[in-house]
1. Being away from the ligand (no atom under 14 Å from the Cβ), of a type outside the set (A, V, I, L, M) and not assigned by TED's automatic domain parsing to the domain that holds residue 270 is true for just one of 210, 188, 254, 197. Which residue is that?
2. So which of 236, 218, 249 ends up being farther than 23 Å from residue 23 by Cα, buried (at least 16 other Cβ atoms within 10 Å of the Cβ) and touching a strand residue (DSSP E or B) at 6+ places or on another chain (Cβ under 9 Å)?
3. For the list (1) in a helix (DSSP H, G or I); (2) of a type in the set (Gly, Ala, Ser); (3) surrounded by fewer than 24 Cβ atoms within 10 Å (Cβ to Cβ), I need the number of the one condition that residue 323 fails.
4. Cβ-Cβ below 8 Å, separation at least six or inter-chain, first residue in region 407-423 and in contact (Cβ under 8 Å) with a residue 60 or more places away in the chain and in the same structural domain as residue 8 (by TED's automatic domain parsing), second assigned to a helix (DSSP H, G or I) and of a type in the set (Ser, Thr, Tyr): which pairs?
5. Among the residues of region 179-192, are any within 18 Å of residue 103 (Cβ to Cβ) and of a type outside the set (Val, Ile, Thr)?
6. Among all residue pairs at least 6 apart or on different chains, which show Cβ distances below 9 Å where the first residue, located in region 97-114, is within 14 Å of residue 84 (Cα to Cα) and β-branched (Val, Ile, Thr) and the second is within 16 Å of the ligand (Cβ to nearest atom) and part of a loop (DSSP other than H, G, I, E, B)?
7. With the condition kept exactly as written, say whether any residue in region 169-180 is of a type in the set (Gly, Ala, Ser), within 15 Å of the ligand (Cβ to nearest atom) and either within 24 Å of residue 267 (Cβ to Cβ) or part of a loop (DSSP other than H, G, I, E, B) (or both).
8. Since residue 45 meets every condition but one in (1) in a helix (DSSP H, G or I); (2) away from the ligand (no atom under 16 Å from the Cβ); (3) among the polar types (S, T, N, Q), which condition does it not meet?
Amino acid sequence: MLFRVHPGDVHNATVAVPGDKSISHRALMLGSIADGESRISGFLNGEDCLATLEAMSAMGVRIDRPDDTTVVVHGVGMRGLEAPAADLDMGNSGTAMRLMAGLLAGQAFSATLVGDASLTSRPMGRIIKPLGDMGAEIHSDEGRPPLTIRGTGKLRGIHYDMPIASAQVKSAVLLAGLYATGDTSVTEPAVTRDHTERMLESMGVDIGREGGRLTVRAQQRLRGCNIQVPGDLSSAAFVVLAALLAKDADVLIETVGVNPTRTGVIDILRAMGADISLENPRMFAAEPVADLRVRSSTLHGCDVDPGLVSLAIDEFPVLFVAAGAASGVTRFSGIGELRVKESDRIAAMAAGLQSLGISVEESPDGAVVSGGEFSGGEVESLGDHRIAMALAVAGSVATGPVVVLDVAAVDTSFPGFAALMGSAGLNIEVRE
Ligand code: S3P
């Protein structure tokens, strides 16, 4: 499947993006081990979250789906999961695999987690180490999937000083900590998304926060609850970019999650001159949401604050395109983690931008983008959803058509992307 995008702007529009991927995964996992029912509305009906849903069903959790975006999880309690009859396929999703490994580490049965070619090449040592320190037995292919987690039913609490900023690692350790004897705590080198902590607290779990240290006491129970999932800011970011680059657009994106551990993209774009405002701020239980109003803006390059990287970790494909369209030079540093996402996102964006006539110099953990005019051309997404969507938006301001190859993975996080962008005025065709 490919996208062909013809030059042309988005116009004034009001849109709503699909539910937050990170929160949807967590709602399924935590709802499953809670007591009682959890009704999840605004669920992301995308392939990544469906992999988590299938895995929880395979472990004996009854999950009803009254409609595409509503899921009712009948929690089985902390000790109610059952051994799956087959391997659990996490598809393309690093979040599903790493969080599930934490959950499985605490069970009294064994299970194997597998994934697609991209996921199978991603590093899992980062969770194997702390979960191993807690007493889990995990077998991998030299630190890569498949992962076989032999449940011993006996974990001990640890303190883990995380060497890398990763919400997936933090969440895996906290989930395992629920099953350990003694307290489990983590400190992170930079703040990362805190959806796990917020959702655990709304389910009645006591989380200690002292300085930068998070602590979960063992043997707590979770109470099922209703979870309203906000729109995913990481998906909204593509709409934001299209509106900023347009000549004269005023776009409202309704009900977007604006958890401060996720809003680095807004701060960085504002530092580049973007006109983005948060309207009607409110809470969806523990998670802040707002409507984002975005007006066309003239962007200028900047030195991106490395302190914002972990708060914008999934938005760098968008930011590379913004940098390509901005006047002057944008310098990215401290973004080495992008090399181990669904693709090597520094290399993928550098190659994509260069094919469209923009100059990019890569370094091991950064890039320097010199803004200019995008030409038409054919670009590779490397099967990475966010690369595909970012380069499609670049097509809106290119001087000729942009063809983005291999875009099927967009459905992992943003089903309906082309239709939604088309409704806002982007001239995008989808071809098989
Ligand atoms: C996620 C955490 C991030 C992010 C991913 C989702 C999560 O990964 O890139 O898309 O839901 O916890 P890391 O925490 O490993 O950087």
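The values are calculated or read from the model by the stated rules, or taken from the named source; none is laboratory data. Owing to the predicted nature of the structure, the values given are computational and were not obtained by experimental measurement. Cβ coordinates were reconstructed from backbone atoms using ideal geometry, including for glycine residues, and neighbour counts include every protein chain displayed.
1. On the way: 188 fails: away from the ligand (no atom under 14 Å from the Cβ); 254 fails: not assigned by TED's automatic domain parsing to the domain that holds residue 270; 197 fails: away from the ligand (no atom under 14 Å from the Cβ).
Going through 210, 188, 254, 197 in turn, the sole match is 210.
2. Working: 236 fails: farther than 23 Å from residue 23 by Cα; 218 fails: farther than 23 Å from residue 23 by Cα.
Step by step, each of 236, 218, 249 is checked, and only 249 is farther than 23 Å from residue 23 by Cα, buried (at least 16 other Cβ atoms within 10 Å of the Cβ) and touching a strand residue (DSSP E or B) at 6+ places or on another chain (Cβ under 9 Å).
3. Status for residue 323: all satisfied but (3).
4. The qualifying pairs are 413/234; 413/235; 414/235; 417/235.
5. In the first step, residues of region 179-192 are kept if they are within 18 Å of residue 103 (Cβ to Cβ); the result is 179-181, 184, 186.
Narrowing further to those that are of a type outside the set (Val, Ile, Thr): 179-180.
Yes, because at least one residue in region 179-192 is within 18 Å of residue 103 (Cβ to Cβ) and of a type outside the set (Val, Ile, Thr).
6. Here the result reads 114/90, each pair linking region 97-114 to a residue that is within 16 Å of the ligand (Cβ to nearest atom) and part of a loop (DSSP other than H, G, I, E, B).
7. Within region 169-180 (the criterion being of a type in the set (Gly, Ala, Ser), within 15 Å of the ligand (Cβ to nearest atom) and either within 24 Å of residue 267 (Cβ to Cβ) or part of a loop (DSSP other than H, G, I, E, B) (or both)), the answer is yes, since at least one residue qualifies.
8. Residue 45 satisfies every listed condition except (1).
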